[in-house]
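Engineer: Dumping the structure here so I can ask a few things about it.
The values are calculated or read from the model by the stated rules, or taken from the named source; none is laboratory data. From a predicted model like this one, the values you see are computed outputs, not experimental measurements. As a convention, Cβ positions derive from the backbone with ideal geometry for all residues, glycine included, and neighbour counts pool all protein chains shown.
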């Protein structure tokens, strides 16, 4: 009995580690917005969102565990050193100064400050807030103190308790029904696919590939030695963390859907979350939400900038750790002043390109023992997947780029010849074709060598 309790506690520790890695305050806004967009189709949209936003990161950890990789670079290495390095840099830039790190500042600003400033003051307010935000982040990150651990242990639980209070109030006194809100055009017939692609915005699958080695190392330090035991512990503990994240996402999507009876569809989930907090808790709710979101987002930002600086300093040792740290904070500050909506709009094309490649790497990593991790299968499958990924990127361009002659021609070509292109899933067909072709080439060669 004691051994069962001990094992249960160990898996709970692993689950909490994975939960803390995947769920940040920035993840609040996307499920809420998804609920507003999906309306009565929120069930299908939720399934798609959970697959890409929750289960895919778990599969990423499993792939790293199975392949014994020390991170994203090693996982992508069967495609060649140049591909692995370029892919690593692209992913690090996305979870660094291009998207995730600036978002840590713009999310709390959008949630708690922007609604109270007039249009003329929005730019100045964002400038002042993000400037102070990244100065504090740099101050603590450069010292690498234990402030993030203290915040994580004290304030993150308070933040989650507040969320569950709102969930409880929403269950007892719902803002409206989930059945009557009419879904927006994209969710009338394609709720699942749009929900799946919305999950890209969490960037958690990419983050899991970068930070997964930390989780795997932690699992090994808990006493799991063999490859099989590490993988099983990661899955069991991961399912605990996944369950917690899934519950939060479902609750947030529910809030977004029912909020349609009280509020119009907002440009982003941050505005809606502010309205919901005020609806249930008044001004106190808004102040508490702003305070907790700011601090928890700072914790996330510190982790992101430190990981970015450490990784790039390791790859390019001639440039100091502090130089990368300063550069990341400065670039993140500049990008943050584009505003949350612009960050999401300009990061979407990059995510539409990177995510199919990341999914392929994850799946190939998981099943690599079946084909001995053959480089040939990696290179052919990844190379063929890259074709529709590039076209998906073009289709996701903001209007200023999407409406150009070149982009329009490429979109029309792909729409005519690529199955599932308008759904953002044309890569699936290409990936399957690439896998079949590569296996057909590799298998006879493998048999002849045996």
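Engineer: Could you check, for the range 262-271, whether at least one of its residues is assigned to a helix (DSSP H, G or I), buried (at least 24 other Cβ atoms within 10 Å of the Cβ) and touching a residue at least 24 places away in the same chain (Cβ under 8 Å)? Working first, answer last.
Structural biologist: Residues of the range 262-271 that are assigned to a helix (DSSP H, G or I), as a first pass: 269-271.
After this cut, where a residue has to be buried (at least 24 other Cβ atoms within 10 Å of the Cβ) as well, the list is 269-270.
Add one more test, that the residue is touching a residue at least 24 places away in the same chain (Cβ under 8 Å), and what stays is 269-270.
Looking for residues that are assigned to a helix (DSSP H, G or I), buried (at least 24 other Cβ atoms within 10 Å of the Cβ) and touching a residue at least 24 places away in the same chain (Cβ under 8 Å), one finds at least one in the range 262-271, hence yes.
Engineer: Can you find, within the range 138-157, the residue that is modelled with the highest pLDDT among those that are surrounded by 14 or more Cβ atoms within 10 Å (Cβ to Cβ) and within 25 Å of residue 32 (Cβ to Cβ)? Give the derivation first.
Structural biologist: Going residue by residue through the range 138-157, those that are surrounded by 14 or more Cβ atoms within 10 Å (Cβ to Cβ) are 138, 140-142, 147-148, 151-152, 155-156.
Next cut, within 25 Å of residue 32 (Cβ to Cβ) only: 151-152, 155-156.
On the way: 151: 54, 152: 54, 155: 62, 156: 65.
The selected residue is 156.
Engineer: Can residue 354 be described as surrounded by fewer than 18 Cβ atoms within 10 Å (Cβ to Cβ), part of a helix (DSSP H, G or I), at pLDDT 95 or above and not assigned by TED's automatic domain parsing to the domain that holds residue 204? If you could, list the steps in order and put the result at the bottom.
Structural biologist: Details: surrounded by fewer than 18 Cβ atoms within 10 Å (Cβ to Cβ): no; part of a helix (DSSP H, G or I): yes; at pLDDT 95 or above: yes; not assigned by TED's automatic domain parsing to the domain that holds residue 204: yes.
Here the answer is no, as residue 354 does not meet what is asked.
Engineer: Starting from residues that are surrounded by fewer than 24 Cβ atoms within 10 Å (Cβ to Cβ) and over 12 Å from the mean Cα position of the chain (by Cα), keep the ones in the range 23-40 and report whichever is nearest to residue 157 (Cα to Cα).
Structural biologist: The extreme case among them is 39.
Engineer: Mind counting the residues in the range 114-135 that are crowded, with 17+ Cβ neighbours inside 10 Å and modelled with pLDDT of 90 or more? Break it down into steps so the answer makes sense when it comes.
Structural biologist: Step one: list which residues in the range 114-135 are crowded, with 17+ Cβ neighbours inside 10 Å, which gives 114, 126, 129-130, 133-134.
From what's left, modelled with pLDDT of 90 or more: 126, 129-130, 133-134.
So the count comes out to 5.
Engineer: Can you say whether residue 47 is within 18 Å of residue 362 (Cα to Cα), in a helix (DSSP H, G or I) and touching a residue at least 24 places away in the same chain (Cβ under 8 Å), as far as the supplied structure shows? Talk me through it step by step, then tell me what you get.
Structural biologist: Working: within 18 Å of residue 362 (Cα to Cα): no; in a helix (DSSP H, G or I): yes; touching a residue at least 24 places away in the same chain (Cβ under 8 Å): yes.
Criteria not met by residue 47.
Engineer: Considering (1) at negative phi; (2) surrounded by 13 or more Cβ atoms within 10 Å (Cβ to Cβ), say which one residue 445 fails and leave the rest.
Structural biologist: (2)
Engineer: Also, I was wondering about something else. Quick check on this structure: which one of 232, 252 is assigned to a helix (DSSP H, G or I), closer than 29 Å to residue 17 by Cβ, assigned by TED's automatic domain parsing to the domain that holds residue 191 and modelled with pLDDT of 90 or more? Give the steps one after another, and end with the answer.
Structural biologist: Working: 232 fails: modelled with pLDDT of 90 or more.
Among 232, 252, only 252 is assigned to a helix (DSSP H, G or I), closer than 29 Å to residue 17 by Cβ, assigned by TED's automatic domain parsing to the domain that holds residue 191 and modelled with pLDDT of 90 or more.
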